[in-house]
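Values in this text are rule-based calculations from the coordinates and carry no lab data. What you see is a predicted model, and the numbers here were worked out from it, not measured in a lab. Cβ coordinates were reconstructed from backbone atoms using ideal geometry, including for glycine residues, and neighbour counts include every protein chain displayed.
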């Protein structure tokens, strides 16, 4: 792996298994954050293509939002970034309080 002038790698392996460069990252004006784009930004920071500060500034992210993406990947893999699953994952991590309502248990007994 080669490095640029700042000593940063020119590419890292992206979520699809292909090389990911700065030019491959989502554009700074991104408003629709699909799984792949979130994962690319997290991988870019982990791999040293961007610093956390650069990523937050470039994409107008809070450090808390970025950290939540990173935690979801660590705990649930890239699929954990799906917004439709976010509530379920958070519920499972909080001891089952809030979020997803479990199915009620129905017991059938004989009248004998």
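Quick rundown of the values:
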{"read-out": "Value of relative contact order over the stretch 12-93, rounded to a whole percent, pairs C-alpha under 8 Å and six or more apart", "value": "27"}
{"read-out": "Sorted by Cβ neighbour density within 10 Å, fewest at the top, the residues 75, 58, 32", "value": "32, 75, 58"}
{"read-out": "Which of 63, 11 has the fewest Cβ neighbours within 10 Å, and the rest in rising order", "value": "63, 11"}
{"read-out": "Reciprocal of mean inverse Cα separation for the stretch 12-93 (Kirkwood radius, Å)", "value": "12.9"}
{"read-out": "71, 37 arranged by Cβ crowding within 10 Å, fewest neighbours leading", "value": "71, 37"}
